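The structure appears right after this line, and notes come after that.
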Amino acid sequence: MAISETAQIGIIGGGPAGLLLGELLRKAGVDSVVLERRDRAYVEGRIRAGVLENGTVSMLEEAGVGDRLHREGLVHSGTEIALGTRRQRIDFEGLVGKTVTVYGQTEVTKDLIEARLRSGAPLVWSVEGVTIENEEGEKPLLHYVVDGAPHQLRCDFIAGCDGFHGVSRQSLPAEILKTYERVYPFGWLGILADVPPCAHELVYANHERGFALASMRSETRSRYYIQCALDEKLENWPDERVWDELKLRLGPELAASIVTGPAIEKSIAPLRSFVATPMRYRNLFLAGDAAHIVPPTGAKGLNLAVSDIHYLSRALSAFYRDGSRALLDSYSDTALARVWKAERFSWWMTSMLHKFHDEDSFEARMQAAELQYLFSSRAAQTALAENYVGLPY
Ligand code: RFL
Ligand code: PHB
């Protein structure tokens, strides 16, 4: 016999989307159970995003996890785009009056987990075999296994926050689900090291050897990426080779300020654009990477997960406050309108900054013209800044 439980909301996935939704609902007096496939150490150890939009910071404040973020996060009022030896600063504050905050997704996740555990609200680790029953006109039912024991959770709504490889999106009938995808012909090799960053702000570099990004997590921890072949093997990239390549691609001036050190993490990630529609089916709502993926060049993945949760948390709170279904009914369209704009920006940044083509092709000339235009036009820089700091909700 399965152990039976109930909750207003069943949340599949304890990444930033699921955990943030849980906190916002708790503050609105709505109860939820979060089911996470991995254990706590694994979830807290994942190295991922680093840049938070203004709106993301506000949402984390609203969830009650803004304190450490404000103490330790680095506020950046611009970024740099480099082409060979030329560097152009994009002045977010001057152009659009906004900033971004550099604070790792790893830290956001730790803060959200701590808040949830402190509140005593249920967060179940190492959950296996989640399946979804989502019949028309019935309350959905989640089946899952913990420590070998079968469980059932009956809820009013399910939030599918289980990332790109989760079960939620796959539970939509094939005739309902429509997906759009672009897979890029390269990946990013990332390195994390306890060395001071080479610049005060992030530097995105287009170089003839391929894209490079100088990022950071703090004044003493750096995060760098280089474009690499999709079939590249990590064992072919000892730390020294990564540092040498970064110095070449970031140019002599930055190379002189790069402090090298042993990698504390090194990984290769493929680049993909992906959107699944609709983001709602009956009583199941998709949010975050479960519904869409962006290539990391625009720093939008985590921020999009948070904007979905902005819409979904308000829709669910309104339903429990006054019985209104209007925001639930418009959730998919509202969320997707913002998703597509972030997809466009991430695709554009990726197209402008990576090496795709033969130097002498039409496409390479278009890319060079795009960069020249960006460097010479305040309007073009404003468009980049407006998107990078985050479009309004
Ligand atoms: P997550 O973080 O993948 O969390 C989903 C959670 O669901 C769990 N899960 C399941 N749980 C129960 N049952 C199942 N069947 C389950 N299947 C999966 C998983 O274990 C996991 O805990 O998705 P979420 O919450 O939507 O958050 C999305 C973000 O994680 C993602 O968009 C960003 O990390 C993307 N991203 C970046 N985003 C930014 O905004 N700025 C950046 O600078 C940035 N850089 C990056 C990135 C992602 C990267 N990688 C490796 C994917 C850099 C990298 C390298
Ligand atoms: C990161 O620091 O991990 C990072 C920053 C900016 C990006 C992507 C990743 O565009």
His151 accessible area, nearest 10 Å², 1.4 Å probe? 30 Å²
Working out 0.36 nm times the residue gap between Ser267 and Ala174, then minus their Cα-Cα distance, what length gain in nm do you get to one decimal? 30.2 nm
Normalising by the residue count of segment 7-104, find the relative contact order in percent from Cα pairs under 8 Å and 6+ residues apart. 26 percent
What are the extents of the Cα atoms of segment 6-145 along their three principal axes, in Å, largest first? 58, 33, 32
Counting helices only, and only those DSSP H runs with n ≥ 4, report the 222 nm mean residue ellipticity of the chain as the sum of -39,500 (n - 2.57) divided by its residues, in deg cm²/dmol to the nearest 500. -11500 deg cm²/dmol
Using the basic label-point model (7 angstrom from Cα toward the beta carbon), what is the Ala337 to Val124 distance in nanometres? 3.7 nm
For segment 1-133, percent of DSSP beta bridges that are antiparallel (nearest 5) comes out at 65 percent
How would you rank 159-171, 299-311, 345-357, highest first, on the average number of other Cβ atoms within 10 Å across their residues? 299-311, 159-171, 345-357
Per 0.36 nm of contour for each residue apart, how much would the distance between Asp31 and Glu133 grow if the chain were fully extended, relative to their Cα-Cα spacing? 34.7 nm
Each label sits 7 Å from Cα toward the beta-carbon; between Arg182 and Thr260 the label points are separated, in nm, by 3.5 nm
Hydrodynamic radius by Kirkwood, which averages 1/r over all alpha carbon pairs of segment 222-286, in angstrom: 14.9 Å
Between Asp39 and Arg154, what FRET efficiency follows from the Cβ-Cβ distance if R0 is 25 Å, with the result rounded to 0.05? 0.45
Chain lengthening between Ser351 and Arg86 when straightened (0.36 nm per residue, less Cα-Cα): 93.5 nm
Work out the FRET efficiency for Glu219 and Phe362 from their Cβ-Cβ distance, taking R0 = 41 Å, and round it to the nearest 0.05. 0.40
Arranged from highest to lowest average of other beta-carbon atoms within 10 Å per residue, in what order do the peptides 269-275, 96-102 appear? 96-102, 269-275
For segment 80-239, calculate the relative contact order in percent as a whole number, restricting contacts to Cα pairs under 8 Å that are 6 or more residues apart. 20 percent
The alpha-carbon center of segment 344-378 and that of segment 270-285 are separated, in whole Å, by 29 Å
Length-normalised contact order for the chain - Cα pairs under 8 Å, 6+ apart - percent: 20 percent
What's the longest bit of the chain with no exposed GluC sites (Glu not before Pro), using DSSP loop states and at most 13 other Cβ atoms within 10 Å as the test? 220-358
In cubic angstrom per residue, the convex hull of the chain built on its Cα atoms measures 147 Å³
Report the antiparallel proportion of the DSSP beta bridges in the chain as a percent, rounded to a multiple of 5. 70 percent
Angle, helix 378-388 long axis vs. longest principal axis of the chain, Cα atoms, 0 to 90°, nearest 10? 40 degrees
Placing each pseudo-label 7 Å from Cα in the direction of the beta carbon, Ser58 and Ala318 end up separated by a distance in nanometres of 1.7 nm
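The values are calculated or read from the model by the stated rules, or taken from the named source; none is laboratory data. Computed from a predicted structure; not experimentally measured. Virtual Cβ from ideal backbone geometry, glycine too; neighbours counted across all protein chains shown. The area values use the complete protein model at the heavy-atom level, side chains included, leaving out ligands, DNA and RNA. Shrake-Rupley method; radii C 1.70, N 1.55, O 1.52, S 1.80 Å.
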